[in-house]
1. Across region 20-45, which residue is farthest from ARG108 (Cα to Cα) among those that are surrounded by fewer than 18 Cβ atoms within 10 Å (Cβ to Cβ) and small (Gly, Ala, Ser)?
2. Does LEU81 qualify as being in a helix (DSSP H, G or I), of a type in the set (A, V, I, L, M) and either in contact (Cβ under 8 Å) with a residue 60 or more places away in the chain or under 21 Å from LEU22 (Cα atoms) (or both)?
3. So how many residues does region 21-31 have that are modelled with pLDDT of 90 or more and within 11 Å of the chain's Cα centre (by Cα)?
4. Just one of (1) farther than 23 Å from ASP115 by Cα; (2) in a loop (DSSP other than H, G, I, E, B); (3) open to solvent by less than 30 Å² (accessible area, probe 1.4 Å) trips up CYS53, so point out which.
5. State which residue pairs qualify: first residue farther than 15 Å from LEU48 by Cα and without any contact (Cβ under 8 Å) to a residue 60 or more places away in the chain and inside region 87-116, second residue open to solvent by less than 40 Å² (accessible area, probe 1.4 Å) and of a type in the set (S, T, N, Q) in any location, beta carbons under 6 Å apart, and separation of 6 or more residues or different chains.
6. Can you say whether LYS163 is without any contact (Cβ under 8 Å) to a residue 12 or more places away in the chain and open to solvent by 40 Å² or more (accessible area, probe 1.4 Å), as far as the supplied structure shows?
7. Read through the list (1) open to solvent by 50 Å² or more (accessible area, probe 1.4 Å); (2) in contact with an Asp or Glu (Cβ under 9 Å, 6 or more places away or on another chain); (3) within 30 Å of LEU58 (Cβ to Cβ), then give the number of the only condition that ALA85 fails.
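The values are calculated or read from the model by the stated rules, or taken from the named source; none is laboratory data. Just so it is clear, the structure is predicted and the values come from calculations on it, not from any experiment. All Cβ positions, even for glycine, are placed from backbone atoms using ideal geometry, and neighbour counts span all protein chains on display. What goes into the accessible areas is simple: the full protein's heavy atoms, side chains included, and nothing from ligands, DNA or RNA. Shrake-Rupley method; radii C 1.70, N 1.55, O 1.52, S 1.80 Å.
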Amino acid sequence: MRAAFPDFRLGNVLSTSFTGTLSERHGDAVERIPTPHRLVDWLTVSGLAVDSCTTAQLDFAWELRESIHAAATAAAVKDALPASAVQVINDCSIQGRAAAVLTPEGRRRWRLNADSCVEDALGVIAADAISIIAGERDGKLALCASPTCQAAFFDTSQSRTRKWCDMNTCGNRQKKARFNANQRKELRSAE
């Protein structure tokens, strides 16, 4: 991985991890795939390795990412899905060429062909988003409680009450802020 870029925030759900490549959407946004090579890196660590990526393919990936984010956000708050986002997700899913394979552990994994391209990998991400947004998987879409993040994530916790897209970043930041506020309050009370 190239050290000059922010670390990837990888989760257990492909499509919401992909939307997490742009974080802090309501604060100082952090773009984790700013270059075509960085998208190749993310696809590789996500099990969807491709050889190369063009600037046009990166633009298409960003469009898919924002469409998934818009549709997942709408689904999480029980709003109507944006028609333009649904169209992008569907078109991308249709274009992709990948095969689902069963691992020895009994899990589904996607396999791209040796000549697969970015669009094929994005098709897998779009198909994953469709299964999440359509409610076909056990869990629920939720939005991060961080006011600067508000990322859509897929909550598979037993109680389905998770508040943060990522406990190591958003959750810890919020807990630290609450702790510091309580410390200041205690200092003022002691004066």
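1. GLY27
2. In short, no.
3. Qualifying residue count, region 21-31: 2.
4. In the conditions (1) farther than 23 Å from ASP115 by Cα; (2) in a loop (DSSP other than H, G, I, E, B); (3) open to solvent by less than 30 Å² (accessible area, probe 1.4 Å), CYS53 misses (1) alone.
5. As it stands, the answer is VAL88/SER67; ILE89/SER67, since those pairs meet every condition given.
6. In short, no.
7. (1)
For every residue, the table says whether it meets (1) in contact with a helix residue (DSSP H, G or I) (Cβ under 9 Å, 6 or more places away or on another chain); (2) within 21 Å of ALA29 (Cβ to Cβ); (3) of a type in the set (Gly, Ala, Ser).
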site	(1), (2), (3)
TRP110	yes, no, no
ASP120	yes, no, no
GLY123	yes, no, yes
CYS144	yes, yes, no
GLN183	no, no, no
